[in-house]
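Trainee: Dumping the structure here so I can ask a few things about it.
The values are calculated or read from the model by the stated rules, or taken from the named source; none is laboratory data. It should be emphasised that the depicted structure is a prediction, and the values quoted were computed from it without experimental measurement. All Cβ positions, glycine included, derive from the backbone under ideal geometry; neighbour counts span all protein chains shown. Ligands, DNA and RNA are stripped out before the accessible areas are found, and what is left, the full protein with its side chains, is counted by its heavy atoms. Shrake-Rupley method; radii C 1.70, N 1.55, O 1.52, S 1.80 Å.
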Amino acid sequence: EEWHAEAARRGLPNLKNTVDVLPVLVRKDTIDLFTKYKVYSEAELKSRFMIQSEAYTKAVTIEGKTALLMAKTQILPAALRYQKELAESLAAAKTAGLIGAGTAEFNELVTAINALTAAIGKLDKAVSHHPEGEAFDHAKNARDTIVPCLLTIREAADELETIVADDLWPLPTYREMLFMR
C-alpha cells in the first residue's frame, strides 16, 4: 500500500493487472519509442498485444475450469459427506435427548456449502460464456467475470477447509503445506 501511495504521489502509473497493462503496448508513445530504435515495428507491437490478450484469456479460463473441476469433484463432495456425518450425529444426539448439540456447527457447514454451491454456479457460467469481439475484449471479460468468481470460490473453499474434518478433506490444507513435512 505504501508503494501505491508513493507511485500516485510521483505521478507514476499504477496498472494493477495484466489487462490494464496490455494497452500500453499499442499506445502511440510506446509505438514511437520502439519503432524509433528499431526494436519492434508497429505491426509487431499490435501482434504482441493480440497474442498477450489471447494468452491471458486462455490462462484465466484454464484456471477457472480447473478450480471449477476441483470444487465440483473434490471439495463439494467432501463437504457433503461431512454434512451427512454431522446430520447423523445430530439425529443420534437428539434421540439421546441432547437437543441443540452440534446444531451451530451444522448450520455453519450448511451455510459454507451453500456459498460454495453458489460460487460454483457463477464460475461455471463465467467460464462457459464466450463474448463477442477482439482478443482484448475477451481478456477484459476474463478479468471482469472469471477472476472475481475465482476469488469467491476460493473464499468458500477456504471456509470449508476450516470446517470439514481432516480425514475427509481431499486436498492439502494450508496448515499441512506450511507446517508439516
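Trainee: What do you reckon, is residue 127 open to solvent by less than 30 Å² (accessible area, probe 1.4 Å), over 30 Å from residue 22 (Cα atoms) and modelled with pLDDT of 95 or more?
Mentor: no
Trainee: Could you tell me how many of the residues in the range 140-163 are hydrophobic (A, V, I, L, M, F, W, C) and farther than 19 Å from residue 68 by Cα?
Mentor: Number satisfying all stated conditions: 1.
Trainee: Still on this structure, please answer the following. Search the range 75-104 for residues that are among the basic types (Lys, Arg) and pair each with any residue that is buried (at least 16 other Cβ atoms within 10 Å of the Cβ) and outside any helix (DSSP H, G or I) when their beta-carbon atoms are under 9 Å apart and the residues are at least 6 apart or on different chains.
Mentor: 81/164
Trainee: Pick out the one residue from 44, 54 that is of a type outside the set (Ser, Thr, Tyr), out of contact with any helix residue (DSSP H, G or I) (no Cβ under 7 Å at 6 or more places or on another chain), assigned to a helix (DSSP H, G or I) and on the phi < 0 side of the Ramachandran plot.
Mentor: None of the others qualify; the one that does is 44.
Trainee: Further, regarding this structure: Of all residues being over 8 Å from the mean Cα position of the chain (by Cα) and touching a residue at least 40 places away in the same chain (Cβ under 8 Å) in the range 142-155, which is nearest to residue 117 (Cα to Cα)? Just the residue, please.
Mentor: The residue in question is 155.
Trainee: Being surrounded by 14 or more Cβ atoms within 10 Å (Cβ to Cβ) and assigned to a helix (DSSP H, G or I): is that true of residue 73 here?
Mentor: Against the criterion (surrounded by 14 or more Cβ atoms within 10 Å (Cβ to Cβ) and assigned to a helix (DSSP H, G or I)), residue 73 does not qualify.
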